[in-house]
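The values are calculated or read from the model by the stated rules, or taken from the named source; none is laboratory data. Computed from a predicted model, the values in this text were never measured in an experiment. In this analysis, Cβ positions are derived from the backbone assuming ideal geometry, glycine residues included, and neighbour counts consider all displayed protein chains.
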Amino acid sequence: MEHRCLSPWRGAVAGGLIAFAWSVFSWTVLPFHAMTLSPFGDPAALVNILEAGAARSGVFVLANDPKGQTAPTDPFVFVSYKKEGAGSKAAAVALGLLLQMTGAFFWTWILGKIPGLTIKDSALYGLFFGLCIGALGLLPGSVCWHLPWAFTAMSVVDAAIAWTAATMVLSRCYAPTCALPKRP
């Protein structure tokens, strides 16, 4: 039995806004993400090197020392470079919100298939969903591209918190107007 009031379209808005709000709060107010980012000692020199060595925007990898060494201890560099700059902050925020809303649409559709969804169940399902996003979408970056584990772990924690909160709200936001089905 489906939750007839747990609309994926409404869920896209409610869940997307909650997940997005958590992400903004986590990145701008809490100190944990900043603790996983390191500044460059001479950013101007780095930009000059990238401008000289990268003909276009893209992702660049230096897996071995260009001096000819090929040992596992050679430097490893992974750079996402955008020659024209970061662009509009408003466009990035809008796209980030749209992506969270898209995820919330699909997740709400899945939640709507669960009969008798309780607030406790929704919290556990949301936590599990967030951990799945982290495990399948974020952790491979630490393995393949050598992203620092602390950086990736913070993103996994963010996903778990965001989707736990969003799922709890999604499971109850329509309860006053629509009784959720009981488990058989």
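A few comments on the model shown:
- Of all the numbered requirements in (1) surrounded by 11 or more Cβ atoms within 10 Å (Cβ to Cβ); (2) assigned to a helix (DSSP H, G or I), LEU30 misses one, and that requirement is (2).
- Check on PHE129, assigned to a strand (DSSP E or B) and aromatic (Phe, Trp, Tyr): no
- All conditions in (1) modelled with pLDDT of 80 or more; (2) surrounded by 14 or more Cβ atoms within 10 Å (Cβ to Cβ); (3) farther than 23 Å from HIS146 by Cα hold for TRP9, with the sole exception of (2).
- Taking the numbered list (1) in contact with a Lys or Arg (Cβ under 8 Å, 6 or more places away or on another chain); (2) under 16 Å from SER7 (Cα atoms); (3) of a type outside the set (Val, Ile, Thr); (4) surrounded by fewer than 18 Cβ atoms within 10 Å (Cβ to Cβ) in turn, SER122 passes all entries but (4).
- Screening PHE78, PHE105 for residues that are assigned to a strand (DSSP E or B) and either on the phi < 0 side of the Ramachandran plot or modelled with pLDDT under 90 (or both) leaves exactly one candidate, PHE78.
- Close pairs (9 angstrom Cβ cut-off, 6 or more residues apart or separate chains): touching a residue at least 60 places away in the same chain (Cβ under 8 Å) in the range 150-163, polar (S, T, N, Q) and buried (at least 22 other Cβ atoms within 10 Å of the Cβ) anywhere: ALA162/GLN100
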